[in-house]
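The values are calculated or read from the model by the stated rules, or taken from the named source; none is laboratory data. It should be emphasised that the depicted structure is a prediction, and the values quoted were computed from it without experimental measurement. As a convention, Cβ positions derive from the backbone with ideal geometry for all residues, glycine included, and neighbour counts pool all protein chains shown. Protein only, heavy atoms only, side chains kept; ligands, DNA and RNA dropped before computing areas. Shrake-Rupley method; radii C 1.70, N 1.55, O 1.52, S 1.80 Å.
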Amino acid sequence: FMGSLKILADKAGVEIKDINPELRDKKQKLLDVLEETTKFFEGNLEKNADALKYLKDRGIKKETIKNFRLGFALDDWRTLLTHLTKKGFKEEDIEKAGLIKKSKGKTYDRFRSRIIFPMADPSGRIVAFSGRIFGQEDDKMAKYLNSPETSVFNKSNILYGYDKAKLEM
């Protein structure tokens, strides 16, 4: 609701004063992390001829890839984490965004070797990801992996592609 209200207020030239700026700042940090992650995944896909060929062979056009901001997560344990920390994001915020996992004292990227489908809220802000395994398929790995629920993503409230289709609907 606040996202929609902000968009309308910006169009109307009205300033909205937050009731609790600390909560807004925390949410905005997560949205910023998710946006930078989307750009990172998009860049990875542009450089991966095999993943692009796979999408093309499935009938997905370049314009669709661009419009839906599809991406690719490299087959590496910490590439995203390293990228985001170099961009100035804190590991705590990256974890809260559901992008990394911690196990036995080690931290690693949640999405590895996957074609990435960013999931947006009705305002078009990226709030989560779904990834389809690519290149490392076996029975031990889940074919699809989704972001966990976070303070900006509730799977019951998000319909993939709704932000693109809502006007036509």
Per residue of the chain, what 222 nm ellipticity follows from adding -39500 (n - 2.57) for every DSSP H run with n ≥ 4, rounded to the nearest 500? -12000 deg cm²/dmol
Using the heavy atoms of the protein chains and a 1.4 angstrom probe, tell me the accessible area per residue for the chain in square angstrom. 66 Å²
Across the Cα atoms of the chain, what radius of gyration and what greatest pairwise Cα-Cα distance (Dmax) are found, in Å? 16.8, 54
How much of the accessible area of the chain, probe 1.4 Å, is carbon plus sulfur, in whole percent? 51 percent
With charges set only on the Cβ (+1 for Lys and Arg, -1 for Asp and Glu), what does the dipole of the chain come to about its Cα centre, in debye to the nearest 20? 220 debye
Applying the Karplus parametrisation 6.51 cos²θ - 1.76 cosθ + 1.60 with θ = phi - 60° to the phi angles of the range 79-90, what ³J(HN,Hα) value in whole Hz is obtained for each residue in order, glycine and proline being reported as x? 4, 5, 4, 4, 4, 5, 5, 5, 7, x, 7, 7
With axes computed from alpha carbons, what is the tilt in degrees of helix 2-12 against the longest principal axis of the chain, rounded to the nearest 10 within 0 to 90? 60 degrees
Going by amide H atoms built from the backbone, whose H comes under 5 Å of the H on residue 128, apart from near neighbours? 119
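For the range 1-153, calculate the relative contact order in percent as a whole number, restricting contacts to Cα pairs under 8 Å that are 6 or more residues apart. Can you show the working numbers first?
Working: 201 pairs, mean separation 33.4, N = 153.
That works out to 22 percent.
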Consider a paramagnetic label point 7 Å from the Cα of residue 164 along Cα→Cβ; state which residues of the range 128-148 have an amide N under 14 Å from it. 130
